[in-house]
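See structure below.
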Amino acid sequence: MSDEPAPVPSAPANSPAGKLAAEIRRRRTFAIIAHPDAGKTTLTEKLLLFGGAIQLAGQVKAKKDGRNTRSDWMAIEKSRGISVVTSVMTFEYADSVFNLLDTPGHEDFADQTYRTLTAVDSAIMVIDAAKGIESRTRKLFEVCRLRDIPIITLINKMDREAREPLELLDEIEQVLALDTAPMVWPVGMGRNFRGTYDLQKDRFRRVDENPEGETVSGPDDPIFDSLLDPVDLAKWREEIELVRDACGNFDLKAFREGTLTPVYFGSALRNFGVRDILDALIAYAPPPLSRPAAARTIEATEPAMTGVIFKIQANMDPNHRDRMAFMRLCSGKLTRGMKVKHVRSDKTMALTAPQFFFAQDRSLAEEAFAGDVVGIPNRGTLRIGDALTEGENVQFLGIPSFAPEILRRIRLEDAIRAKKLKDALTEMAEEGVVHMFTPVDGTPPIVGVIGALQLDVLGDRLIHEYGLPIAFETAPCTVARWIEAPDRAKLTAFIEANRPAIATDADGDYVYLAPSEFSLNWVAERNPELAFKDVKSVM
Ligand code: GDP
């Protein structure tokens, strides 16, 4: 996506183009990135609560108390207490429409997280105030940086013993090389966390009281005298002067370019700072951005609908064998029942049952606009990276596939069911949860995943969804690379000469399966006219 927000056309407000632009302008599509335990689930729950999407705080959290909800519909998730699968939650607040895309918390699902982050326009980074930047925060941030996604920071758990706020800002700047602009400053911490001081507006907001806050004359206002002990108070007042001098003002352009983050302090558990995040999304986060496609850039406000599939989820409802394809609308307006072109197959399909997802429910999406994410039930027609349009042959760029780090051969307990296994693996490869490599010499397929936990999920699903008990065996290879060759004849010659080490992936692209990195390098050096790629763009 480009750095700039969609231009607002000068169409009259009540013309169709004007109405479309207004709908798109009030949308925010974002994700939350955090190290496990920093408070992502709690913040999600509170955001939905503020947005009126759920009635009762605690409902999103079923993963911890065993109730069954959308964000953890799989048995494996429940048994491990982790959120494996990305999903989307749509809610409204203050006349804005939010699409919150959930990302898997565990790094074994990094590929799925990456794809989800290609579908957002901004992200909230949640940091545990006692821990600062943790490993997973850093990795997720790096993914955001690849696309210069603007980041809003919440330093969470201020109601617990926390590190010094200045030290935390410094850590963000040093570790992430990201400028910070504190928007509020905490008054106390831990048991003495009193609230936050709004550095822009000179207002004080108390924890658990008066959501609007009260105007104060400045940090020297006597209101603070009784809140902190004299030593802490003097230090606090100095700090405010310091951050005002040192951090400068929030710069919208730098934020939109992904080089500066506004920082809020709060406690998601105590509902504090949550509204700041929503207000910041409305005020600063970009509305749906334009997206690069093969032939041209698609502007969000173009009237013709285009969308890209970034995620497929199987068996969301165990009673139905359908799959849900999640589409981010990139431009225009979707109307239920409309006929669209499925660009990859060049076929027309009718969007009869596009769906919005809320905290617990789904509902038919009668209409949706650029920036929205809708689920499209289908039986395997749609794959990750596919474009749906009103007729144009659009190919969106930038949804990659990563070479797996773990390769295994699957042993079926019942060899007669090899065909069924292959079908199951093909389906799951299209969902993007596993790579399936079919050796050209006819030996059984090899599966590849990014992390060990994905193997568990795979085994679990093969038994529970497909009734196929299997075991994983060591594969004769440990490295898989896509082979690219500008010269088709060279590729064919290489394949013929190396048949035992060649396979095709689910799209029919050739992959070289090497026993080790060392042998891969050896082969690559001897075949300089070929490229051995560890990332493949889906299209
Ligand atoms: P996730 O793993 O990032 O989704 O984290 P959770 O939202 O599940 O939170 C992890 C733990 O921290 C839970 O026990 C939460 O109740 C707790 N927690 C989350 N936010 C806060 C907060 O602001 N203050 C305090 N004291 N605890 C919090």
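Database remark: amide H of residue 365 closer than 5 angstrom to the amide H of 355, 356 (H placed geometrically; neighbours at sequence offset of 5 or more, or on other chains; Pro and chain starts carry no H). Beta-bridge orientation, the chain: approximately 75 percent antiparallel, per DSSP, counting only bridges with both partners inside. Over the stretch 400-537, the pair-distance histogram of Cα-Cα distances with 5 Å bins from zero comes to 2, 10, 21, 24, 19, 12, 7, 4, 1, 0 percent, rounded to whole numbers.
Add -39500 (n - 2.57) for each DSSP H run of 4 or more in the chain, then divide by its residues: what number comes out at 222 nm, to the nearest 500 deg cm²/dmol?
-8000 deg cm²/dmol
Model label points for residue 441 and residue 94, set 7 angstrom from Cα along the Cα-to-Cβ axis, are 6.4 nm apart. Relative to the longest principal axis of the Cα atoms of the chain, helix 452-464 runs at roughly 60 degrees. Counting charges near residue 327 (Lys, Arg +1; Asp, Glu -1) among other residues having Cβ under 11 Å from its Cβ returns a value of 0.
Pairwise alpha-carbon distances in the chain exceed 36 Å for 38% of all pairs. Between the listed residues 144, 230, 463, the Cα displaced farthest toward the positive end of the dipole of the chain, a dipole computed from Cβ unit charges relative to the Cα centre, is found at 463. Taking the Cα centre of each part, how many Å lie between the stretch 191-236 and the stretch 251-321? The distance from the Cα centre of the stretch 191-236 to that of the stretch 251-321 comes to 32 Å. Seen from a random direction on average, the alpha-carbon convex hull of the stretch 291-389 projects onto 6.1 square nanometres.
Measuring against 24 Å, Cα to Cα, the residue pairs 19/46; 341/490; 139/533 contain 19/46; 341/490 as the ones spanning a longer distance.
Sequentially through the stretch 372-381, phi angles give Karplus couplings (6.51, -1.76, 1.60; θ = phi - 60°) of 6, 10, 10, x, 10, x, 7, 10, x, 6 Hz, Gly and Pro residues having no value and appearing as x.
What FRET efficiency would be calculated for the residue pair residue 167, residue 37, taking the C-beta separation as r and a Förster radius of 22 Å, to the nearest 0.05?
The formula returns an efficiency of 0.65 here.
Every number in this text was worked out from the coordinates using simple rules, so none of it is lab data. What you are looking at is a predicted structure, and each value in this text was computed from that prediction instead of being measured. Note that each Cβ is placed from the backbone with ideal geometry, even for glycine, and that neighbours are counted across all protein chains shown.
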